[in-house]
1. Would you list, by chain and number, the aspartates and glutamates whose Cα falls below 17 Å from the Cα of Lys44, excluding same-chain residues fewer than 8 positions away?
2. Mean separation of Cα pairs under 8 Å and 6+ residues apart, divided by the residue count of the chain: what relative contact order is that in percent?
3. With label points built 7 Å along Cα→Cβ from the Cα atoms of Arg87 and Arg13, find their separation and express it in nm.
4. Cut-off under 13 Å on the C-alpha distance; same-chain residues fewer than 8 positions from Lys62 excluded. Which aspartates and glutamates are left, in chain and number order?
5. Assign unit charges at the C-beta atoms only (+1 for Lys and Arg, -1 for Asp and Glu), then state the dipole size of the chain relative to its Cα centre in Debye, rounded to the nearest 20.
6. Using a Förster radius of 30 Å, what is the FRET efficiency between Asp128 and Gln37 based on their Cβ-Cβ separation? Nearest 0.05, please.
7. Each label point is 7 Å from the Cα along the Cα-to-Cβ direction; what then is the distance between the points at Ser138 and Arg65, in nm?
8. Working out 0.36 nm times the residue gap between Lys116 and Ala2, then minus their Cα-Cα distance, what length gain in nm do you get to one decimal?
Amino acid sequence: MAISVRKLAIWSREIGNEPGTLGAALGPFADSGCDLQVCMAYEKPGEGMRSIAEVAPVEGAKATRAAQAAGFAQSAISCIVVDGDNRPGLGRATAAALGAAGINIQFLVTLVTGKKYRSIFGFGAGADVEQAKKVIRSAGAAIKPARPARRPARKK
């Protein structure tokens, strides 16, 4: 399978770092029937009582209204989501290719489920996201699928 590479808008907001705040922040999305595919939450560096919640995708009027009602705003970080078949060495090849092209990765989240993977790359201000998409596609195409393990020869 070829990899899929597309832009992704992340929406974020600051929340308290205490039980229940993430659930409350996600309430408007659930109440409006939005189907989020990404949700990340983490402590704000250096501020133990504050956290950041990030969600995606927020597409269409209903989802946008829910995001705004929940206090989320579209992040200025340029993101790309990559989906494809998992293969050994793919992460290294992609990171090395982006580095060789002079493209800095601000953050990376990757999840492998079965034989499939999804990666979300975040890039800093001024990053050439279209160039990053090309580099990621090329790196993905260069990694060949793993060969199945050979069965030992049967004794005669």
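We did not get these values from a lab; they are worked out from the coordinates using the rules stated. Note that the coordinates shown come from a computational prediction; the quantities given were computed from them, not determined experimentally. With ideal geometry, Cβ positions are generated from the backbone for all residues, glycine too; neighbour counts draw on all protein chains shown.
1. Here the aspartates and glutamates satisfying the reach criterion relative to Lys44 are Glu14, Glu18, Glu54.
2. Numbers: 255 pairs, mean separation 41.5, N = 156.
Reported relative contact order: 27 percent.
3. 4.1
4. Asp31, Asp35
5. Numbers: 22 positive and 12 negative charges, 347 e Å.
My answer is approximately 1660 debye.
6. Details: r = 25 Å, r/R0 = 0.84.
Plugging the Cβ-Cβ distance into 1/(1 + (r/R0)^6) gives 0.75.
7. About 4.5 nm, to one decimal.
8. Working: separation 114, 0.36 × 114 = 41.04 nm, distance 1.14 nm.
That works out to 39.9 nm of additional length.
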